[in-house]
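Beneath this line is the structure, given in structure tokens, with notes to follow.
The values are calculated or read from the model by the stated rules, or taken from the named source; none is laboratory data. The structure presented is a predicted model; accordingly, all values stated were derived computationally and were not measured. Here the Cβ positions follow ideal geometry from the backbone for every residue, glycine too, while neighbour counts run over all protein chains shown. We work out accessible area using only protein heavy atoms, side chains counted, and drop any ligands, DNA or RNA first. Shrake-Rupley method; radii C 1.70, N 1.55, O 1.52, S 1.80 Å.
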Amino acid sequence: MRLKGRSRSVGVTLAGCLTGALALSGCSLLGDSGDTPASGGGTSQPRSAASAAKDIPYDVTPLLTPAKKYFGVAVPGAPNVMKNVDAYTRMTGKQPNLVEYYAGWGDGFDATGVRNAWAEGALTLMSWEPFDTPVADIAAGRSDAYIREYAAAVRKLDLPVVIDFADEFNGHWEKWGTDHVTPDRYVAAWRHIHQLFVDTGATNVIWSWSPNIVNPVPDVKLEPYYPGDAYVDWVGLIGYFTADGDNSFDSVFGRTRDRIRTFTKKPMLLLETAAMPGERRRADIRNLFAGVEADDSMVGFIWFNHRKRADWRLEASPLALKEFKRLAADDRFGFDVRKPS
């Protein structure tokens with residue numbers, strides 16, 4: 001359940017950027033990389049092998065199930081500004097290699113942030129949140145121009161990115177949740193977005209389908225919301241160690257994991273997690289690391305290091321931070337995503 005109380009992030013909006021399809025070269029919606037190759041124009045000359053290779057999008061395959069685990073974080077301001085990621089690195093003793101951020105539907109693609117993270121050996125994971133646009137409208141094609149422009153920006157930058165659309169859809173607390181959106185419409189919107197990215201050539205995306213853990217909503221079935229293996233690369237679980245109940249790894253994540261395993265074997269990521277401050281936090285952190293280590297299908301976790309309705313920041317609990325740092329030193333966690341093998 002969304003205990004973190006996050007609000008819509010303010011990203012690069014379309015307003016002021018979309019001045020016409022031919023006037024987008026300076027807008028981050030299309031990325032602002034100066035080294036992206038232009039199209040071949042009308043030349044009849046054969047392209048060089050290097051040029052032909054540049055037309056093939058970045059291959060994300062080695063990043064899907066790497067030999068080591070992702071060591072991720074969500075911190076304020078990142079990845080557009082990386083100072084809080086750098087501070088987290090100093091605090092925990094390890095460089096995160098997966099940086100999560102939040103973007104509202106209608107925001108432009110943060111090409112600068114993706115490059116910033118990549119320069120430090122990290123992937124970006126964008127949680128794309130349709131706060132002000134009905135999911136049914138997305139499924140019906142009413143956002144197609146926006147999606148195509150966004151996909152073109154991702155393709156132009158040509159770095160791997162992770163996209164998580166409308167997470168926590170199995171909860172009633174989101175505008176795209178169970179009180180507002182049927183499973184059929186959710187699946188239709190997901191597949192529609194995915195297809196437009198493929199049509200645009202933006203295959204440099206890892207798609208993460210991300211339910212909240214089922215513990216607070218046990219009667220909501222997950223399978224009807226699943227877009228299908230052809231449309232999903234990762235299953236991103238969202239769940240937190242709270243002050244109530246048994247906080248073993250299986251108690252927090254096991255029921256959800258077991259349900260999902262009845263209809264897909266896709267790799268899993270703890271897309272958002274953290275532990276409530278207090279006496280149990282050290283034990284919760286041990287359970288987190290041990291649970292991710294023990295499951296070969298679990299590719300890693302992202303720690304939500306924000307202060308929201310609860311103070312999820314590691315620095316809020318010095319003894320727990322010390323334990324986290326000790327466990328993070330394990331070589332099985334973290335690697336440079338630019339060299340995944």
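Output the residue which, of all residues in segment 85-106 that are farther than 21 Å from residue 175 by Cβ and among the small types (Gly, Ala, Ser), is surrounded by the most Cβ atoms within 10 Å (Cβ to Cβ). If you could, list the steps in order and put the result at the bottom.
Quick first cut of segment 85-106, residues farther than 21 Å from residue 175 by Cβ only: 85-99.
Still in the running and among the small types (Gly, Ala, Ser): 87, 93.
Values: 87: 13, 93: 11.
Here the answer is 87.
So which of 309, 259 ends up being part of a loop (DSSP other than H, G, I, E, B) and more than 20 Å from residue 94 (Cβ to Cβ)?
Details: 259 fails: part of a loop (DSSP other than H, G, I, E, B).
The unique qualifying residue is 309.
Of 153, 145, all but one fail to be free of Cβ contacts under 8 Å to residues at least 12 places away in the same chain and over 16 Å from the mean Cα position of the chain (by Cα); the exception is 145.
The numbered conditions (1) over 17 Å from the mean Cα position of the chain (by Cα); (2) buried (at least 18 other Cβ atoms within 10 Å of the Cβ); (3) over 14 Å from residue 231 (Cβ atoms) are all true for residue 139 except (3).
Yes/no matrix, rows are residues, columns are (1) over 19 Å from residue 258 (Cα atoms); (2) in contact (Cβ under 8 Å) with a residue 40 or more places away in the chain; (3) surrounded by fewer than 20 Cβ atoms within 10 Å (Cβ to Cβ):
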position: 157; (1), (2), (3): yes, yes, no
position: 173; (1), (2), (3): yes, yes, yes
position: 178; (1), (2), (3): yes, yes, yes
position: 210; (1), (2), (3): no, yes, no
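I'm trying to understand the selection: among the residues of segment 228-240, which are surrounded by fewer than 19 Cβ atoms within 10 Å (Cβ to Cβ) and either part of a loop (DSSP other than H, G, I, E, B) or of a type outside the set (A, V, I, L, M, F, W, C) (or both)? Result: 228, 229, 231. Contact annotation: residue pairs with Cβ atoms under 6 Å, 6 or more positions apart or on different chains, pairing a residue in segment 57-81 that is open to solvent by less than 60 Å² (accessible area, probe 1.4 Å) with a partner that is modelled with pLDDT under 95, are 63/340; 66/340.
In summary, residue 328 fulfils each of the numbered conditions (1) modelled with pLDDT under 95; (2) over 20 Å from residue 243 (Cα atoms); (3) not acidic (Asp, Glu) with the single exception of condition (1).
Take the conditions under 23 Å from residue 265 (Cβ atoms) and not aliphatic (A, V, I, L, M) and apply them to residue 317. Does it pass? Spelling it out, it is not the case that residue 317 is under 23 Å from residue 265 (Cβ atoms) and not aliphatic (A, V, I, L, M). Looking across segment 46-56 at every residue that is of a type in the set (A, V, I, L, M, F, W, C) and either open to solvent by 70 Å² or more (accessible area, probe 1.4 Å) or more than 30 Å from residue 231 (Cβ to Cβ) (or both), the one that is modelled with the highest pLDDT is identified as 56.
Here are some residues: 301, 289. Which one is open to solvent by less than 50 Å² (accessible area, probe 1.4 Å) and either in a loop (DSSP other than H, G, I, E, B) or under 17 Å from residue 100 (Cβ atoms) (or both)? Give the steps one after another, and end with the answer.
Values: 289 fails: either in a loop (DSSP other than H, G, I, E, B) or under 17 Å from residue 100 (Cβ atoms) (or both).
Exactly one of 301, 289 is open to solvent by less than 50 Å² (accessible area, probe 1.4 Å) and either in a loop (DSSP other than H, G, I, E, B) or under 17 Å from residue 100 (Cβ atoms) (or both), namely 301.
Within segment 118-153, the residues that satisfy the criterion of being of a type in the set (A, V, I, L, M, F, W, C) and within 11 Å of residue 196 (Cβ to Cβ) are 138, 145, 147, 151, 152.
Pairs are defined by a Cβ separation below 9 Å, a sequence spacing of at least 6 or placement on different chains, a first member in segment 240-264 that is free of Cβ contacts under 8 Å to residues at least 40 places away in the same chain and of a type in the set (Val, Ile, Thr), and a second member that is open to solvent by less than 70 Å² (accessible area, probe 1.4 Å) and assigned to a helix (DSSP H, G or I); the pairs so defined are 252/284; 252/287; 252/288; 252/291. Looking only at residues in segment 107-131 that are open to solvent by 10 Å² or more (accessible area, probe 1.4 Å) and without any contact (Cβ under 8 Å) to a residue 60 or more places away in the chain, the one that is nearest to residue 70 (Cα to Cα) is 120.
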